[in-house]
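This report concerns only the one structure given below.
The values are calculated or read from the model by the stated rules, or taken from the named source; none is laboratory data. As the structure is a prediction and not an experimental result, all values here were calculated from the model. For neighbour counting, all protein chains shown are included, and Cβ atoms are generated from backbone atoms with ideal geometry for every residue, glycine included.
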Amino acid sequence: MLIRTIAPEERVQYDSVVSHPVQSWQWGEFKKQSGLKVERIGFFEHDTLMRAMQVTFHPVPLLGSVGYAAKVFAPDGEQFDALRQAARKHGALFTKIEPDVFVPVDVPDPAAEQLDAFIRGHGGISGELIYTQHNFHLDLRPDNDMLFAAFATKTRYNTRLAMKKGVEIVEESSEAGMETYIRLMIETTQRQKFYSHSPEFFRTLWRVIGRDEHSMLRIFYARYHGEVLVAWLVFVFNKRLYYPYGASSNQHRELMASNLMMWHIIQYGKAQGCVDLDMWGALGPNADPNDPFYGFHRFKQGYNPILMKNLGAYDLVHKNISYRIFERLNALRWRYLRFRRR
């Protein structure tokens with residue numbers, strides 16, 4: 001097998017073999033604009049690209065950098081060799097590997113157990129997840145009537161209520177749409193008391209991805225008498241629909257606009273040929289009502305998705321002493337951020 005860097009003219013082939021938006025070419029360009037180094041590595045058989053992965057390198061003052069292989073394919077020995085080579089090029093302390101591998105909660109999966117053992121056998125040690133440990137996935141292949149009938153009673157009621165009250169869903173994939181999202185995002189984080197990406201993160205996301213002629217990013221509003229109550233950003237990528245970012249106003253929350261938004265997004269995804277909706281995160285099977293994200297978890301749960309558990313994150317360490325220093329400093333950083341949130 002030939003392993004080499006992907007060239008810009010191979011973008012279409014690259015996107016066809018990766019499985020997640022954060023592995024997409026567009027996302028890599030977005031990360032470059034955020035100041036990161038990006039490596040795209042292809043695995044070829046007889047000049048045919050079979051698999052690929054994107055690794056971002058994040059600078060760490062005085063120590064070097066950290067590699068991050070987010071949502072990559074299930075690793076094998078060749079992938080580990082390629083990751084180590086890329087790490088040497090960028091002076092990485094370690095490379096965090098987060099495979100895009102999910103299994104239903106509480107269902108034994110021998111293949112996942114074997115993969116975990118394989119990664120550990122190649123030097124991977126348990127690391128901190130960047131994305132959530134759990135996630136909701138909804139199968140979009142049933143028809144609309146079957147999907148709607150499977151929703152929780154309260155979810156169906158709220159969706160019909162929003163329809164009856166005159167809430168409308170419109171697409172506004174534009175710079176103005178992103179600015180509206182940012183305004184509502186600030187309201188949401190203040191109300192729910194959790195951290196979100198900065199406004200500049202989302203502005204760069206629009207500038208790099210939203211304006212791309214083949215953009216995977218779409219922005220939707222839920223409006224009531226012209227007032228935007230809810231704004232969502234969604235991705236459509238390789239026949240999957242993703243709901244990564246949503247925000248809502250403090251006004252007219254009794255209209256349940258978010259419920260109608262989700263129902264519209266589900267139908268939109270089906271019309272785009274998507275077979276699955278990835279809801280981008282959830283709490284575990286025994287969700288804590290006091291968790292700041294509990295409301296989002298309960299909202300998503302109302303659509304009768306499957307609760308999935310990620311295989312985990314693994315750190316492939318290249319510089320042991322620097323890695324231990326980094327881990328201690330990172331732990332202190334998170335203690336400070338949690339203190340600020342309280």
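The single condition among (1) within 18 Å of Thr188 (Cα to Cα); (2) modelled with pLDDT of 95 or more that Val236 does not meet is (1). Every condition in (1) surrounded by 16 or more Cβ atoms within 10 Å (Cβ to Cβ); (2) under 19 Å from the mean Cα position of the chain (by Cα); (3) acidic (Asp, Glu) holds for Glu128 except the one numbered (1). Screening the candidates Ala111, Ala92, Ala117 for the property of being in contact (Cβ under 8 Å) with a residue 24 or more places away in the chain and not assigned by TED's automatic domain parsing to the domain that holds Phe202 yields one hit, Ala92. The listed residues are Leu62, Leu83, and the only one of them that is in contact with a Ser or Thr (Cβ under 6 Å, 6 or more places away or on another chain) and not in a strand (DSSP E or B) turns out to be Leu83. With respect to (1) buried (at least 17 other Cβ atoms within 10 Å of the Cβ); (2) modelled with pLDDT under 95, the lone exception for His214 is condition (1). All conditions but one from (1) surrounded by 22 or more Cβ atoms within 10 Å (Cβ to Cβ); (2) assigned to a helix (DSSP H, G or I) apply to Lys270; the one that does not is (1). Can you confirm whether Asp106 is assigned to a loop (DSSP other than H, G, I, E, B) and under 18 Å from Leu311 (Cβ atoms)? Judged against the criteria, Asp106 is a match.
Checking Tyr195, Tyr242 one by one, the residue that is surrounded by 14 or more Cβ atoms within 10 Å (Cβ to Cβ) and aromatic (Phe, Trp, Tyr) is Tyr242 and no other.
For (1) at pLDDT below 95; (2) closer than 24 Å to Gly64 by Cβ, each residue gets a yes or a no:
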residue: Ile97; (1), (2): no, yes
residue: Val103; (1), (2): yes, no
residue: Asp106; (1), (2): yes, no
residue: Pro110; (1), (2): yes, no
residue: Ser126; (1), (2): no, yes
residue: His134; (1), (2): no, no
residue: His137; (1), (2): no, no
residue: Leu140; (1), (2): no, no
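Residues in segment 134-156 that are surrounded by 13 or more Cβ atoms within 10 Å (Cβ to Cβ), under 25 Å from Asn286 (Cα atoms) and free of Cβ contacts under 8 Å to residues at least 40 places away in the same chain: Arg156 alone. From the list Val101, Val55, the one residue that fits, being under 23 Å from the mean Cα position of the chain (by Cα), in contact (Cβ under 8 Å) with a residue 12 or more places away in the chain and under 28 Å from Gly210 (Cβ atoms), is Val55. Selection over segment 34-48 of residues that are farther than 16 Å from Asp76 by Cα and either in a strand (DSSP E or B) or modelled with pLDDT under 95 (or both) gives a count of 9. Consider segment 188-211. How many of its residues are over 17 Å from Gly28 (Cα atoms) and touching a strand residue (DSSP E or B) at 6+ places or on another chain (Cβ under 7 Å)? The total comes to 1.
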